[in-house]
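Accompanying notes for the structure given below.
The values are calculated or read from the model by the stated rules, or taken from the named source; none is laboratory data. It should be emphasised that the depicted structure is a prediction, and the values quoted were computed from it without experimental measurement. Virtual Cβ from ideal backbone geometry, glycine too; neighbours counted across all protein chains shown.
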Amino acid sequence: YAHAGGDPRTNGTQTQNQRIGHKLMMRSGMWGRLLHDACMIAVAFSYLSAAPAFAGLGEPESSINADRMRMNARHSVVRTQQYSVNDLQSVDGSRVKQYVSPSGMVFAVSWHTLYKPNLLSLLGPSFYTYSNAVQQAARQQGIQRRFRHESLDFVVQSTAHLNVFSGFAFRQSMMPRGLDLSSLGME
């Protein structure tokens, strides 16, 4: 205020209600700001602490049980001499398969879902290669329902049609020796 007598518009005669209203406004402003800051911090922590939705390529098998719980899915495991397949199937029919080498690392994934899967989690560190390739493909004209990218070590194929998303990805360097891709249904 301009002078110690209070608000100059009231000639120094501020009513009790005006003083109380001003104090409440100041308090709610302070508390509103504190509440806003607390919410922003909570949101930041939720992003930082969010676990990946799936055990991604190149990641250990140990997180698959947490994936099952997040998807609220049935979990079955089929073991072969060269690898094991962790099959997660949710009530809506969505299915994610994670192929694990004898060393305990996910070397391939496949999905058939009724929602767009979290490819950042599924593809793990390979997601950025995928993302760059998708950006290159997006420059082509027309609707792209099917996408395939192959590099020296990474292959991914994805398809979307009428809200059904399917695809697979694998890292060739992590595959068990002598494994034929046709046995996985990925070619």
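Brief remarks on what is shown
- Among all positions in the range 137-149, there is no residue which is surrounded by 15 or more Cβ atoms within 10 Å (Cβ to Cβ) and not in a strand (DSSP E or B).
- Residue check for Val96: assigned to a strand (DSSP E or B), over 18 Å from Gln172 (Cβ atoms) and either modelled with pLDDT of 85 or more or not β-branched (Val, Ile, Thr) (or both): yes
- Residues that are hydrophobic (A, V, I, L, M, F, W, C), modelled with pLDDT of 90 or more and under 17 Å from Gly56 (Cβ atoms) occur in the range 109-119; there is at least one.
- Single residue of Arg74, Arg68 found to be part of a helix (DSSP H, G or I) and modelled with pLDDT of 75 or more: Arg68
- Taking (1) within 19 Å of Val164 (Cβ to Cβ); (2) part of a loop (DSSP other than H, G, I, E, B) in turn, Gln82 satisfies each apart from (1).
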